[in-house]
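For reference, the structure is listed below as structure tokens.
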Amino acid sequence: MAGAQTIILHQYEISPFSEKVRLALRMKNLGWAAVEIPSIMPKPLLVPLTGGYRKTPVLQIGADIFCDTSMILRALEERFPIPGIDLPGHEGLSHMVASWTDGKWFQTSVGVIFGALGDKVPEDLRKDREKMSGRPFDTKAMAAAAPMLQDQWRAQLMWIEERLEGGQGAGAGQWIVGMKPGLVDAHAFMNPWFVEQNIPDFLETCFKSAPRTKDWYQRMKEIEGQAPEMITGEEALKIARDAAPRLKAAKTEGELQGFEPGEHVAVAPDDYGRDWVEGEIVIATAERIILHRHDDQAETVNIHFPRTGFMVRRLD
Ligand SMILES: N[C@@H](CCC(=O)N[C@@H](CS)C(=O)NCC(=O)O)C(=O)O
């Protein structure tokens, strides 16, 4: 039964960023619980935990809340290091790969998918995404751009093909780097998976130019893990309420804006879904910032964000 030590993923089935974390959980063969959250606002059982952050997924362990997959994967690797998936000799590389897979390639995937599905996208999802991105959801323009984006999507898939062709040593060409699947593979897996869920024929067509990538993708899909325990948002909130954030000595390290522990600040993503989360700094380093917050429903939580892709500003 889920409790304060359980890995709880707030997610939804068709979310590619959620799939990336589910894949990492499978690679580590970890037990976990899932809360199915809505794909559009409002998210009344999630926001009390995150202080306003709305994106998917969010990871919870007790009263510690991890936002953004880069923070989530880092936290999983730190807390559950065996087996390691940040492969020795390739440390740090996964962040660089993720900034491509989660940024440019993901945006190309969104364009290709929405361009193909066009009018089938439900009205409430369109409205939500317009609000979240601040841009009109123009299905005609998306359909017109789709063929050019398809070229771009496949060109990025070919980067994986080139990497798989170029490997050296025993086991080369099986995984993107190293001799076993790791974080770099998990990042690279996300976009083909997203496309396969929505327009599988397009993926098959692209794989004709990328046979090694097709085989690699199949190998990735064969990685088995544990099925989640399904819990409700109410149960997850209660777990947070009954737990205390993991104790950490407050510290800031060489903060460029001069932040100190205990300072009242706000944190928000710098791309879309720019909802500001307010709290007091527990820890701020070059890689992460942890805010302490109190909420009527969740009570005391620590919310962890990466520094890359997030803005931090001082509040008076
Ligand atoms: N940088 C974020 C991106 C997450 C993201 O964009 N997730 C999509 C779903 S896959 C999302 O939040 N969509 C809006 C929503 O679910 O409310 C991360 O790595 O977690």
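Since every read-out is calculated from the coordinates, none of them should be taken as a lab result. This structure is a prediction, so every number in the text was calculated from the model and none was measured. No Cβ is skipped: glycine too gets one built from the backbone with ideal geometry, and neighbour counts run over all protein chains shown.
Taking the fewest neighbouring Cβ atoms within 10 Å as the starting point, the ordered list for ILE37, ILE303 is ILE37, ILE303. Short-range pairs are left out: with C-alpha atoms under 8 Å and at least six residues apart, the relative contact order of the chain is 25 percent. Each peptide in 275-286, 174-185 receives the mean, over its residues, of other Cβ atoms within 10 Å, and ordering these scores from highest gives 174-185, 275-286. The phi torsions of the stretch 263-279, fed into the Karplus equation with coefficients 6.51, -1.76 and 1.60 and a -60° offset, translate into couplings of 5, 8, 9, 10, 10, 8, x, 9, 10, 10, x, 7, 8, 7, 10, 9, x Hz, rounded to whole numbers, with Gly and Pro shown as x. Rounded, prolate or oblate for the stretch 58-155? Axes are the square roots of the Cα gyration tensor eigenvalues, ordered a ≥ b ≥ c, and the cut-off for rounded is a/c under 1.5. Oblate is the answer for the stretch 58-155, as a/c is 1.5 or above yet b/c matches or exceeds a/b. The H on the amide N of GLU229, modeled in the peptide plane, is under 5 Å from the matching H of TRP32, ALA33, ALA34, each at least 5 residues off or on a different chain.
Sites listed here are trypsin sites (Lys or Arg not before Pro) in the stretch 243-276 whose DSSP assignment is loop and whose Cβ has at most 15 other Cβ atoms within 10 Å: ARG246, LYS248, ARG274. Under a model in which nothing but the beta-carbon of Lys, Arg (+1) and Asp, Glu (-1) is charged, the stretch 93-221 shows a dipole of about 140 debye around its Cα centre. If you take the Cα centroid of the stretch 114-147 and the Cα centroid of the stretch 176-210, the two points sit 23 Å apart. Against the chain, whose longest principal axis comes from its Cα atoms, helix 16-28 is set at around 90 degrees. Relative to the dominant Cα principal axis of the chain, helix 233-242 is inclined by about 40°.
Please report, in debye to the nearest 20, how large the charge dipole of the chain is about its Cα centre when each Lys and Arg carries +1 at its beta carbon and each Asp and Glu carries -1 there.
With only Lys, Arg, Asp and Glu charged at Cβ, the dipole is about 380 debye.
Angle of helix 211-221 to the longest C-alpha principal axis of the chain, folded into 0 to 90 degrees and rounded to 10: 40°.
Applying 1/(1 + (r/R0)^6) with R0 = 45 Å to the Cβ-Cβ distance of ALA144 and GLN218 gives a FRET efficiency near 0.85. Of the GluC sites (Glu not before Pro) found in the stretch 167-253, the ones in coil according to DSSP and having at most 15 other Cβ atoms within 10 Å of their Cβ are GLU222, GLU224, GLU253.
When the Cα gyration tensor is reduced to axis lengths a ≥ b ≥ c, the ratio a/c is 1.5 or higher for the chain, and with a/b above b/c it is classed as prolate.
Of the trypsin sites (Lys or Arg not before Pro) found in the stretch 145-218, the ones in coil according to DSSP and having at most 12 other Cβ atoms within 10 Å of their Cβ are LYS208. Taking the fewest neighbouring Cβ atoms within 10 Å as the starting point, the ordered list for MET71, MET230 is MET230, MET71.
Each residue of the stretch 153-166 was assigned a 3J(HN,Hα) from its phi angle through the Karplus curve 6.51 cos²θ - 1.76 cosθ + 1.60 (θ = phi - 60°); the sequence is 5, 5, 4, 6, 4, 5, 4, 5, 4, 4, 4, 5, 5, x Hz, with glycine and proline shown as x.
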